[in-house]
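> The structure is given below, and queries will be raised subsequently.
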């Protein structure tokens, strides 16, 4: 097993051990699952042995959001402009429970756990109707740190930016989740 595959495998097992469900993603920049029948894992947790086997060959890491991953949810900022002002308005005790990652195109993922999770929702769009901000909740997924560079078309990594890491996600309350800035 090459060094990159071993590193990706280690990350995927850490995510699994933390209660998340990692599945392999394609390495063609599509950010799509590389596992036939993957949707079953939105409701059925794989075994550690399955995860180990999936990541024993080159793949990216796609972490499923929602109840199957302990109530994990992501706010995905495709547009970096609103991220800073929104983050500046959050109380420090809430920020301390968030995992914040930078995406390859300069966007951000804010990831947390909550006992109230819904399906993915588009929160803001650009004038051309493309997405600025969306949630990745029940049925959603995110590419995770530890994935090879070519998992994204930009050829850049997903990097931890601040706060907790995915392996130690904090929990927020439904009230905090619905907080209006």
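> Going by the conditions given, is residue 45 surrounded by 14 or more Cβ atoms within 10 Å (Cβ to Cβ), at pLDDT 95 or above, over 11 Å from the mean Cα position of the chain (by Cα) and in a strand (DSSP E or B)?
Criteria not met by residue 45.
> Output yes when any residue across the stretch 151-170 is without any contact (Cβ under 8 Å) to a residue 40 or more places away in the chain, in a helix (DSSP H, G or I) and surrounded by 13 or more Cβ atoms within 10 Å (Cβ to Cβ), and no when none is. Steps first, answer last, please.
Just the residues of the stretch 151-170 that are without any contact (Cβ under 8 Å) to a residue 40 or more places away in the chain, to begin with: none.
Looking through the stretch 151-170, none of the residues is without any contact (Cβ under 8 Å) to a residue 40 or more places away in the chain, in a helix (DSSP H, G or I) and surrounded by 13 or more Cβ atoms within 10 Å (Cβ to Cβ).
> So for the stretch 72-84 (the condition being in contact with a helix residue (DSSP H, G or I) (Cβ under 6 Å, 6 or more places away or on another chain), crowded, with 16+ Cβ neighbours inside 10 Å, closer than 22 Å to residue 174 by Cβ and in contact (Cβ under 8 Å) with a residue 24 or more places away in the chain), does at least one residue qualify?
Scanning the stretch 72-84, I find at least one residue that is in contact with a helix residue (DSSP H, G or I) (Cβ under 6 Å, 6 or more places away or on another chain), crowded, with 16+ Cβ neighbours inside 10 Å, closer than 22 Å to residue 174 by Cβ and in contact (Cβ under 8 Å) with a residue 24 or more places away in the chain, so the answer is yes.
> Let me ask something else. Among the candidates 60, 66, single out the residue that is farther than 19 Å from residue 5 by Cα and modelled with pLDDT of 95 or more.
Testing whether each residue is farther than 19 Å from residue 5 by Cα and modelled with pLDDT of 95 or more leaves just 66.
> Hey, another quick one. Would you confirm whether or not the stretch 85-103 contains a residue that is within 17 Å of the chain's Cα centre (by Cα), surrounded by 13 or more Cβ atoms within 10 Å (Cβ to Cβ), modelled with pLDDT under 90 and not in a loop (DSSP other than H, G, I, E, B)?
Checking the stretch 85-103: not a single residue is within 17 Å of the chain's Cα centre (by Cα), surrounded by 13 or more Cβ atoms within 10 Å (Cβ to Cβ), modelled with pLDDT under 90 and not in a loop (DSSP other than H, G, I, E, B).
> If you don't mind, there's one more thing I want to ask. Could you please find all residues in the stretch 112-143 being free of Cβ contacts under 8 Å to residues at least 60 places away in the same chain, over 23 Å from residue 94 (Cα atoms) and touching a strand residue (DSSP E or B) at 6+ places or on another chain (Cβ under 9 Å)?
Let us first name the residues in the stretch 112-143 that are free of Cβ contacts under 8 Å to residues at least 60 places away in the same chain, namely 113, 115, 117-134.
Now narrow it down to the ones that are over 23 Å from residue 94 (Cα atoms): 125-131.
125, 126, 131, listed by residue number.
> Now a separate question. Quick check on my filter: what residues within the stretch 140-150 are assigned to a strand (DSSP E or B) and farther than 16 Å from residue 77 by Cβ?
141
The values are calculated or read from the model by the stated rules, or taken from the named source; none is laboratory data. Keep in mind it's a predicted model, so treat the numbers as computed, not measured. Reconstructed Cβ throughout: ideal geometry from the backbone, glycine too, with neighbour counts over all protein chains shown.
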